[in-house]
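A.B. asks: Take this structure first; my questions come after.
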Amino acid sequence: MLGLMQDRPLMISAILRHAARNHAAQEVVSKTVAGKLHRYGYAEMERRSRRLARVLQRLGIGDHDRVGTLAWNGFRHMELYYGVSGMRAICHTINPRLSPDDIAFIVNDGGDKLLFADLTFAPLLEALAPRIAGCVRAVVMMADADEMPTLPLPAGMDLLCYETLMAASDEAYDWPEFDERTASSLCYTSGTTGKPKGVLYSHRSTVLHAYAVNSADVFGLRSVHRVLPVVPMFHVNAWGTPYSAPMAGAALVMPGRHLDGASLTALMNSERVTMSAGVPTIWMGLLQHLRASGERLETVKRLVIGGSACPRLLLEAFDAEYGVTVDHAWGMTETSPLGTYNVPKASNADLAGDDLTRLREKQGRGIFGIDMKIVGDDGATLPWDGATSGNLMVRGPWVCGAYFGQAPGSACDAEGWFATGDVATIDPDGYMEITDRSKDVIKSGGEWISSIMLENLAVSHPDVAEAAIISVAHPKWDERPLLLVVPMPGRTIDAASVMAVYEGRVPRWWLPDDVVTVSELPHTATGKLHKLSLREKYRDHLLTPAPSIE
Ligand code: ADP
C-alpha cells in the first residue's frame, strides 16, 4: 500500500518562489565586474528570473537544452541558475580557470546552445569562439547595453546583451512543474585525471542537497544569516548556497571576481556577513591580510572550509585571533558537493586544545542522505576504527550515478556505491578523515603515509605559506615523501626548524626525506595542488639530489 500524502515534485523554481513570497526584501548583494555594488530582494530576483525564462524561450531554448555560463558569483548568474533550470533547460556552469582546450571540450561535449558570460571573459571568448561554433549559436554578455564589448565572433554566432534582451522581454511566465528527476544543471570535473566528465544534477538531487545543507549540524542557514559564498558558482554550484540561502531566507552577498583578502574583508564588514565558505587558499589569503593590516572581521561568526584539507593553522588562528569558528567539510563535484561536515557532538564536549583541533581536522561525519564505507583494494569492507584506511565509497540521492552521456548507473558498482578516489579512515563516532587521494598515496616499504597530515603540520610552521608532500622514488623503500614549501612573504625556510614540527606528532618513518623551498606550487582549476606535475618534476630527487632551494 502506498502512502496517501501528496506527491508534489521537488522543483528548483519552488525554492525561489518560496523566497520571493516569504523573504521578498531579503537582499542579494553583488559586486559587479565594474566594482560597483548591485542589490535587490528575492522578489525582484524571482521576477527577473521569469523574465529571463521568456528571453530563453525567444532565443529558441527548449526542454533539456544546455545553456552555458562563464561567470562569477553575482545576481545575473543567480537568475540563470533559476531561469534556465526552472524552464526545464539545463544550466551548464563552466570553470573559466580551466585551460582553453578543456573549456572548448566541455562546451562541445555539453552541446551548449547559448553561452552567457561576464565581461571579464571577453578575451577568453574571442579565442574560444571558433572552436565552439559547431554548437553555440549566440554569446550573451552579462552586462548593460553601454558596457558591451566589441567581440569578433564567427559567422552564425550572435553577440547579444543580457540587459537589452531583458528590457525587451516580459514576466508573463508561470514556472512549470514536471518530473523532479529532470536534469537541472551540469558541471564538469576538473579533468586532473583525464578528460573532464559531466555531472548532471536533477531538480530532486538539488533540492534534497539544499535541505541537507540547511540541517543544523551542517550549514544550518537561517533567515537572520548573511552568507558570502566565496566558492564559485562556476564549480559545483557554489556548494549549493544559491539554493540553500533562498530556501532559508538568508541574504546572499556575492563577491564577483574580487577574492583577495583585502576585498573580502571590506565586503564582509560593509555587508555585515555572518558566514562564508571557500577553499583553504582563500582563507590563507584572508588570514595573511588580517594579520598584516590589523583589520578585524566585525560580523563573521563562521567560515566553512573544504575542497582541500583544512590546515590546522586556519582552524586555530581564526578562532584564537578573530573569534571565528571554522567548520571543515568534504565533498566533490560528484556529490553535489556536500558529503560530510565536521561539528563536534555531545560526546566530544570534553575535548579541548590539541585534541579538539585533531578532531576538527577530520573531514566530518556523513550528512543524513549520504551512506559511506571504506573498502580495501579487494573490495572488502573495512572497520570504522579511526586507524584502518581504505578507499572511500559513497551513495545517496545527490551522488552521481553516471556521467553525462553515459548509461544510467555506470559510475557506480552493482549496489550503487560510487568510488570517490579518496583514501580515508572512519572512526567509531563516524568522523571520516581523508588521508590521501588514491592517485597521490605514498607507499613506503609497503605502508601508507598520509600526505595530508604531513602538509597540515608543515603549514603550522610560521614561515611556511603553503606545503606539498609528494612521493618520489627511493632505491630501498620504493617511495619516500618529499616536502616542498613556499615561504611566507619576506621569510626564508630553515629546513631543520620545519622538520621539528613533526617531532612526536607522526611516526619517525613518515618524516620527509628532504625539504625543498619553491617560490610557488602549481594548482588545478579548483585550487587543489597539482601533484601530478610535481611528481613528474621531482621523481628522481632522492636518486640525484637537486638543490634544496629553487
Ligand atoms: P575536481 O577538482 O576533480 O573537480 P572536486 O572539486 O570535485 O574535484 O574535488 C573533489 C576532491 O577534493 C575530493 O575527492 C577530495 O580529494 C578533495 N577534497 C574535497 N574536500 C576536501 C577536504 N575537506 N579535505 C581533503 N580533501 C578534500
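A.B. asks: Run the 1.4 Å probe and let me know the accessible area of I434, rounded to the nearest 10 Å².
C.D. replies: 10
A.B. asks: For region 60-183, just the Cα set please: Rg and Dmax, both in angstrom.
C.D. replies: So, for region 60-183, Rg and Dmax equal 14.2, 41 Å respectively.
A.B. asks: Could you work out Rg/(2.2 N^0.38 Å) for region 141-242, with Rg from alpha carbons only?
C.D. replies: So the Cα radius of gyration is 1.44 times the expected 2.2 N^0.38 Å.
A.B. asks: Can I ask one more? Rounded, prolate or oblate: pick one for region 485-550, where a ≥ b ≥ c are the square roots of the eigenvalues of its C-alpha gyration tensor, a/c under 1.5 means rounded, and failing that, prolate if a/b is larger than b/c, else oblate.
C.D. replies: Rounded.
A.B. asks: Here is a follow-up. Between H530 and T325, what is 0.36 nm times their sequence separation minus the Cα-Cα distance? Round to one decimal in nm. Numbers along the way, then the final one.
C.D. replies: Details: separation 205, 0.36 × 205 = 73.80 nm, distance 2.86 nm.
My answer for the length gained is 70.9 nm.
A.B. asks: Separate question: Please report the net charge: other residues with Cβ closer than 13 Å to the Cβ of G396, K and R +1, D and E -1.
C.D. replies: Details: positive: R204, K373, R395; negative: E334, D371, E415.
Taking every Cβ under 13 Å from that of G396, the sum is 0.
A.B. asks: Suppose the Debye formula is applied to equal point scatterers at every Cα of the chain; what is log10 I(q)/I(0) at q = 0.07, 0.08, 0.09, 0.13 Å⁻¹?
C.D. replies: Taking Cα atoms of the chain as identical point scatterers yields -0.41, -0.53, -0.68, -1.40.
A.B. asks: To the nearest 500 deg cm²/dmol, what mean residue ellipticity at 222 nm is calculated for the chain from DSSP H runs of n ≥ 4 alone, each contributing -39,500 (n - 2.57), summed and divided by the residues?
C.D. replies: Numbers: 15 runs with 148 residues, N = 550.
So the helix-based figure for the chain works out to -8000 deg cm²/dmol.
A.B. asks: Cβ under 14 Å from W72's Cβ, W72 left aside: what net charge do those residues give with Lys, Arg +1 and Asp, Glu -1? All intermediate terms of the calculation are to be shown ahead of the outcome.
C.D. replies: Working: positive: K31, K36, R76, R97, R257; negative: E79, D118, D260.
That works out to +2.
A.B. asks: Structure shown: which of K362/K528; K197/K537; K476/K528; K301/K528; K31/K197 lie over 20 Å apart, alpha-carbon to alpha-carbon?
C.D. replies: Violating the 20 Å Cα-Cα cut-off are K197/K537; K476/K528; K301/K528; K31/K197.
A.B. asks: Right, something else. How long is the gain from R47 to K476 if the chain were fully straight, where each residue apart is worth 0.36 nm and the alpha carbon distance is subtracted?
C.D. replies: Working: separation 429, 0.36 × 429 = 154.44 nm, distance 6.72 nm.
The span from R47 to K476 would gain 147.7 nm if fully extended.
A.B. asks: For region 442-538, what mean projected area does the convex hull of the alpha carbons give, in nm²?
C.D. replies: Dividing the Cα hull surface by four gives the mean projection, 6.3 nm².
A.B. asks: Towards the positive end of the charge dipole of region 442-538, with charges on Cβ (+1 Lys, Arg; -1 Asp, Glu), say which of S533, H461, W448 has the farthest Cα.
C.D. replies: Projecting each Cα onto the dipole axis, the largest value belongs to W448.
A.B. asks: Counting pairs of Cα atoms in region 207-303, how many percent are more than 19 Å apart? Write down the numbers at each step before the final one.
C.D. replies: On the way: 1722 of 4656 pairs.
Above the 19 Å cut-off, region 207-303 has 37 percent of its Cα pairs.
A.B. asks: Considering only the chain, what is the antiparallel percent among its DSSP beta bridges, to the nearest 5?
C.D. replies: Numbers: 47 of 87 bridges.
Antiparallel bridges make up about 55 percent of those DSSP assigns within the chain.
A.B. asks: Counting each pair of different Cα atoms once, what's the Kirkwood radius of region 373-417 in Å, rounded to one decimal? Let's see the in-between values first.
C.D. replies: Working: mean 1/r = 0.0850 Å⁻¹.
Value: 11.8 Å, from the Cα pair sum.
A.B. asks: I've got another one for you. Pop the C-beta distance of F178 and D354 into the FRET formula with R0 = 45 Å and round what comes out to the nearest 0.05. Please report the intermediate quantities before stating the final value.
C.D. replies: Working: r = 53 Å, r/R0 = 1.17.
Working from the Cβ atoms, E equals 0.30.
A.B. asks: Let me check the size of region 7-223 from its C-alpha atoms; what are the radius of gyration and Dmax in Å?
C.D. replies: Every Cα atom of region 7-223 included, Rg and Dmax give 17.0, 53 Å.
A.B. asks: Take D540 and E447, extend 7 Å from each Cα along the Cα→Cβ direction, and tell me the distance between the two endpoints in nm.
C.D. replies: Result for the modelled spin labels: 3.0 nm.
A.B. asks: Something else now. Per residue, how much accessible area does region 442-538 have with a 1.4 Å probe, in Å²?
C.D. replies: Numbers: 4320 Å² over 97 residues.
Per residue, region 442-538 has an accessible area of 45 Å².
A.B. asks: Between region 215-289 and region 133-188, what is the separation of their alpha carbon centroids in Å?
C.D. replies: Measuring centre to centre over Cα atoms gives 26 Å.
A.B. asks: Related question: Work out, step by step, the length gained on full extension between K301 and S497: first 0.36 nm times the residue separation, then minus their alpha carbon distance; give nm to one decimal. Don't skip to the end; give the middle numbers.
C.D. replies: Details: separation 196, 0.36 × 196 = 70.56 nm, distance 3.37 nm.
Gain on extension, K301 to S497, equals 67.2 nm.
A.B. asks: In straight Cα distance, which aspartates and glutamates are under 16 Å from K531, not counting same-chain residues fewer than 8 positions off?
C.D. replies: Output for K531: D422, D436, D440, E455, E466, E479, E520, D540.
A.B. asks: If you build the convex hull over the alpha carbons only and average its shadow over all orientations, what do you get for region 299-412? Give it in nm² to one decimal. Let's see the in-between values first.
C.D. replies: Numbers: hull surface 37.1 nm².
Computing the convex hull of the Cα atoms and averaging its projections yields 9.3 nm².
A.B. asks: Per 5 Å bin, what is the whole-percent P(r) computed from every C-alpha pair distance within region 126-183?
C.D. replies: 4, 15, 19, 15, 14, 15, 12, 6, 0
A.B. asks: If you plug each phi of region 471-485 into the Karplus form 6.51 cos²θ - 1.76 cosθ + 1.60 with θ = phi - 60°, what whole-Hz ³J(HN,Hα) values come out, in order, with x for Gly and Pro?
C.D. replies: Karplus-based 3J(HN,Hα) across region 471-485 equals 8, 10, 5, 9, x, 9, 9, 6, 10, 9, x, 10, 9, 10, 10 Hz.
A.B. asks: Would you mind computing the Rg to Rh ratio of region 250-305 from its alpha-carbon coordinates, Kirkwood style for Rh? Write down the numbers at each step before the final one.
C.D. replies: On the way: Rg = 10.3 Å, Rh = 11.3 Å.
Rounded to two decimals, Rg/Rh equals 0.91.
A.B. asks: List every residue whose amide H lies under 5 Å from the amide H of D65, counting only residues 5 or more places away in sequence or on a different chain, with H placed 1.01 Å from N in the peptide plane.
C.D. replies: Counting only residues 5 or more places away or on other chains, the set is I90.
A.B. asks: Another question, if that's okay. Quickly rank 152-164, 87-99, 339-351, 374-386 as a protection proxy: mean count of other C-beta atoms within 10 Å, highest first.
C.D. replies: Packing order, densest peptide first, comes out as 87-99, 339-351, 152-164, 374-386.
A.B. asks: Here's a follow-up. Rounded to a whole number, what is D in µm²/s for region 303-368 from Stokes-Einstein with the Kirkwood radius over alpha-carbon pairs (37 °C, 0.692 mPa s)?
C.D. replies: So the translational diffusion coefficient is about 268 µm²/s.
The values are calculated or read from the model by the stated rules, or taken from the named source; none is laboratory data. All values reported here derive from a predicted model rather than from experimental measurement. Glycine gets a Cβ as well: all are built from the backbone with ideal geometry, and neighbour counts include every protein chain shown. Heavy atoms of the whole protein, side chains included, go into the accessibility calculation; ligands, DNA and RNA do not. Shrake-Rupley method; radii C 1.70, N 1.55, O 1.52, S 1.80 Å.
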